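Take a look at the structure set out below.
What follows draws every value from the coordinates through simple rules; no lab data is involved. Values in this document were obtained by computation on a predicted structure and should not be read as measured data. All Cβ positions, glycine included, derive from the backbone under ideal geometry; neighbour counts span all protein chains shown.
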Amino acid sequence: MEDIDYGKLAIEYSKKYKGKIQIKPTLKINSMKDFSIVYTPGVAEVSKAINLDERMSWDLTWRWNTVFILTNGTRVLGLGDIGPLASLPVMEGKSLIYKELGGVNAVPIPIQTKNVDEFVNVVKNIAVTAGGIHLEDIESPFCFEVLERLQNELSVPVWHDDQQGTAAATLAGLINATKLADKDLKTAKIVMIGAGAANISLFNILEKFGVNPKNVILGDSKGPLYESRDDVEVMKSINRWKYEAMKKSNGDDIKEIKKSFENADIIIAFSREGAIKEDWIKVMNKKPIIFANANPNPEITPEKAKKAGAYIVSTGRSDYPNQINNSLIFPALFRGALDSRAKRIDDFTAISAAIELAKYSAEKGIDTEHIIASMEDKELYPRIASAVAEDSVKRGFAEIKEGKEYFYNKAKEIIGLN
């Protein structure tokens with residue numbers, strides 16, 4: 001691997017460019033007449049039009065192309081609870097990726113609260129001017145309740161990238177990895193290490209995709225989840241999402257960590273460095289698939305996993321093959337949601353994006369070290385956007401009811417690929 005100090009360069013870039021994003025006008029001002037049109041007195045007519053019909057805000061303001069990125073900074077990257085202010089550089093980075101890859105205006109808004117009701121109320125009160133809401137870097141189980149409530153209470157789409165975005169990118173990788181390994185994802189034995197936002201969401205999305213939940217073993221820092229564990233009642237009271245996954249999974253009631261890996265086909269880890277042991281890989285089925293996605297240091301390095309017999313290994317890092325990156329999903333997904341003016345995005349929306357990502361990657365050519373496209377494959381983004389928009393139309397979420405080709409061409413134009 002190339003020896004580059006990305007942290008040092010990030011500080012230097014941030015000092016040089018004073019952040020990563022800015023607001024720029026969409027038109028050029030050439031005279032006082034122009035000021036009179038875009039501001040007073042002309043702007044009053046625009047406000048009056050929206051006052052008479054709120055739907056006009058989609059045509060007369062930036063709302064048609066704007067997403068708010070909300071966080072409280074409690075689960076930022078591998079840094080943990082660093083607070084809303086320190087999370088701002090990460091949110092700025094998300095905004096840049098939105099614009100660069102999806103043509104979306106994304107506004108970072110860190111919030112100073114750890115109270116669910118306060119967080120939800122802030123989002124509800126500002127969402128009136130947004131085209132969609134992107135939740136980011138929020139601790140579990142806080143993030144589950146916030147997402148669930150906002151999806152039910154807002155009329156614009158709400159997405160939690162650490163849940164649905166990560167799960168969608170992972171699903172795309174799994175579709176292609178199992179194809180290469182001659183495995184059936186829907187009947188494979190899967191071990192999931194880590195029971196936080198990413199894996200709980202992925203578990204639910206895998207079930208909706210058709211995976212048998214009884215073939216899945218979820219584990220946390222105490223080991224596999226099973227119904228007779230001594231902390232089940234506590235789990236039920238403080239994290240019902242984890243509890244519900246526990247009830248559906250582990251059909252063989254396996255209680256020991258190492259035993260859970262016997263004859264397993266796939267390991268999916270969103271945990272911590274060192275959480276996967278080489279001995280565990282050695283007792284898996286032929287051609288084991290290992291997704292070791294902890295950042296910045298994976299649960300096991302690809303070198304060690306391959307030495308233990310792994311057939312395919314993915315991580316969350318860009319300096320290893322097979323990076324599982326939610327940036328492959330969210331810019332395009334919201335492009336499609338905005339272009340179709342979708343009122344909702346959900347787990348099935350994430351699945352439609354994952355299927356298109358896997359399909360595009362396969363068309364480009366896949367092998368054991370290239371199971372998924374990279375962020376440099378910009379043609380991918382209008383493909384996912386049009387698939388998401390088409391899905392929104394088919395399921396009755398969209399106000400703009402056009403076909404896939406229309407949405408593909410629109411996304412391509414906005415992203416700047418024409």
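Quote the charge dipole size of the stretch 194-291 about the Cα centre in Debye, to the nearest 20; the model charges only the Cβ of Lys and Arg (+1) and of Asp and Glu (-1). Display every interim value, and only then the final one.
Working: 17 positive and 15 negative charges, 39 e Å.
My answer is approximately 180 debye.
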As a footprinting exposure proxy, order F142, F407, F334, F348 by other Cβ within 10 Å, with the fewest listed first. F348, F142, F407, F334
C-alpha long axis of helix 347-364 to longest principal axis of the chain, angle in °: 80
Between N212 and S36, how many nm apart are label points set 7 Å from Cα along the C-beta direction? 7.5
How big is the charge dipole of the chain about its Cα centre, in debye rounded to the nearest 20, if each Lys and Arg gets +1 on its Cβ and each Asp and Glu gets -1 on its Cβ? 360
Which one of Q323, Q151, Q164 has the biggest mean-square fluctuation once the chain is modelled by GNM with Cα springs under 10 Å? Q151
For the table K282/K307; K99/K412; K179/K242, the rows whose alpha-carbon distance is greater than 20 Å are K179/K242
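So for the chain, averaging the separation of alpha carbon pairs under 8 Å that are six or more residues apart and normalising by length, what relative contact order in percent results?
Values: 773 pairs, mean separation 60.3, N = 418.
Relative CO of the chain lands at 14 percent.
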All-pairs Cα distance distribution in the stretch 89-214, expressed in whole percent, bin size 5 Å: 2, 9, 17, 20, 18, 14, 10, 7, 3, 1
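Would you please calculate the Kirkwood hydrodynamic radius of the chain over all C-alpha pairs and express it in Å, rounded to one decimal? Working shown, then result.
Details: mean 1/r = 0.0446 Å⁻¹.
Hydrodynamic radius (Kirkwood, Cα pairs) of the chain is 22.4 Å.
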Long-range Cα-Cα pairs in the stretch 1-90 (distance over 18 Å), rounded percent: 69
In the chain, taking the dipole from +1 charges on Lys and Arg beta carbons and -1 charges on Asp and Glu beta carbons about the Cα centre, the listed residue (L185, T129, G78) farthest towards the positive end is T129
Over 29 Å between Cα atoms: which of K48/K114; K208/K304; K287/K359 fall into that group? K48/K114; K208/K304
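Is the stretch 47-136 rounded, prolate or oblate when judged by the Cα gyration tensor, a ≥ b ≥ c being the square roots of its eigenvalues, rounded requiring a/c under 1.5 and prolate requiring a/b larger than b/c?
Cα axes put the stretch 47-136 in the oblate bin.
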Taking springs between alpha-carbon atoms closer than 10 angstrom, which of E227, E376, E405 fluctuates most in the Gaussian network model of the chain? E376
Just D53, D182, D220 to compare: in a GNM of the chain, with alpha carbon springs under 10 Å, which one fluctuates most? D53
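Just add up the charged neighbours of T315: K/R +1, D/E -1, any other residue whose Cβ is under 15 Å from the Cβ of T315.
Result for the local shell: -1.
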When H370, H134 are arranged by how many other beta-carbons sit within 10 Å of their Cβ, fewest first, they go H370, H134
The Kirkwood hydrodynamic radius of the stretch 305-418, taken as the inverse of the mean 1/r over all distinct Cα pairs, in Å, comes to 14.7
How tilted is helix 43-52 with respect to the longest principal axis of the chain? Cα atoms for both, answer in degrees (0 to 90, nearest 10). 60
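Let me know the shape class of the stretch 150-249, please: from the alpha-carbon gyration tensor, a ≥ b ≥ c as square roots of the eigenvalues, rounded when a/c is under 1.5, otherwise prolate if a/b is greater than b/c, or oblate. The partial results should precede the final answer.
On the way: a/c = 2.15, a/b = 1.09, b/c = 1.97.
Because a/c hits 1.5 or more and a/b fails to exceed b/c, the stretch 150-249 counts as oblate.
Kirkwood Rh over alpha-carbon pairs of the stretch 182-310, then Stokes-Einstein at 10 °C and 1.306 mPa s: what D in µm² s⁻¹, rounded to an integer? List each step's numbers first, then the result.
On the way: Rh = 14.6 Å.
Translational diffusion coefficient: 109 µm²/s.
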